[in-house]
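Notes follow once the structure below has been shown.
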Amino acid sequence: MDGKNRNDIYPGLEVEIILKKDQRSGKLTNGIVANLLTSASYHSRGIKVRLEDGQIGRVSNVIELP
């Protein structure tokens, strides 16, 4: 999943996000979703989330859970 549909993202899900400061380099940050910040059902650059450690960014990839 690419993280562009809000229905695919929920608290507790492990994801990779792109932080604002890393947009140019494309560096990804792993973490667990604490809450969703985008209210729209779809966003072309990824749903914005806050991770449990407080970092905010747009979901790039959803880590597949077993």
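Here is how the numbers come out for the structure above:
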| item | result |
| --- | --- |
| Extreme residue, surrounded by the most Cβ atoms within 10 Å (Cβ to Cβ), among residues of the range 1-11 that are outside any strand (DSSP E or B) and touching a residue at least 40 places away in the same chain (Cβ under 8 Å) | GLY3 |
| Yes/no for LEU28 being under 14 Å from GLY57 (Cα atoms), in contact (Cβ under 8 Å) with a residue 24 or more places away in the chain and out of contact with any Leu (no Cβ under 6 Å at 6 or more places or on another chain) | yes |
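The rows are residues; the columns are (1) loosely packed, with under 14 Cβ neighbours inside 10 Å; (2) in contact with a Ser or Thr (Cβ under 8 Å, 6 or more places away or on another chain); (3) at pLDDT below 95; (4) of a type in the set (A, V, I, L, M, F, W, C).
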{"residue": "LEU13", "(1), (2), (3), (4)": "no, no, no, yes"}
{"residue": "GLU16", "(1), (2), (3), (4)": "no, yes, no, no"}
{"residue": "GLN23", "(1), (2), (3), (4)": "yes, no, yes, no"}
{"residue": "GLY26", "(1), (2), (3), (4)": "yes, no, yes, no"}
{"residue": "ASN35", "(1), (2), (3), (4)": "yes, no, no, no"}
{"residue": "SER41", "(1), (2), (3), (4)": "yes, no, no, no"}
{"residue": "GLU52", "(1), (2), (3), (4)": "yes, no, no, no"}
{"residue": "SER60", "(1), (2), (3), (4)": "no, no, no, no"}
{"residue": "PRO66", "(1), (2), (3), (4)": "yes, no, yes, no"}
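Condition check ((1) outside any strand (DSSP E or B); (2) under 13 Å from the mean Cα position of the chain (by Cα); (3) closer than 18 Å to ARG6 by Cβ) across all residues:
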| position | (1), (2), (3) |
| --- | --- |
| LYS21 | yes, no, no |
| ARG24 | yes, no, no |
| ILE32 | no, yes, yes |
| ASN35 | no, yes, yes |
| ALA40 | yes, no, yes |
| GLY46 | yes, yes, yes |
| GLY57 | no, yes, yes |
| ASN61 | no, yes, yes |
| GLU64 | yes, no, no |
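The values are calculated or read from the model by the stated rules, or taken from the named source; none is laboratory data. None of the values given here were measured: they were computed from a predicted structure. Note that we place each Cβ from the backbone using ideal geometry, even for glycine, and neighbour counts take in every protein chain shown.
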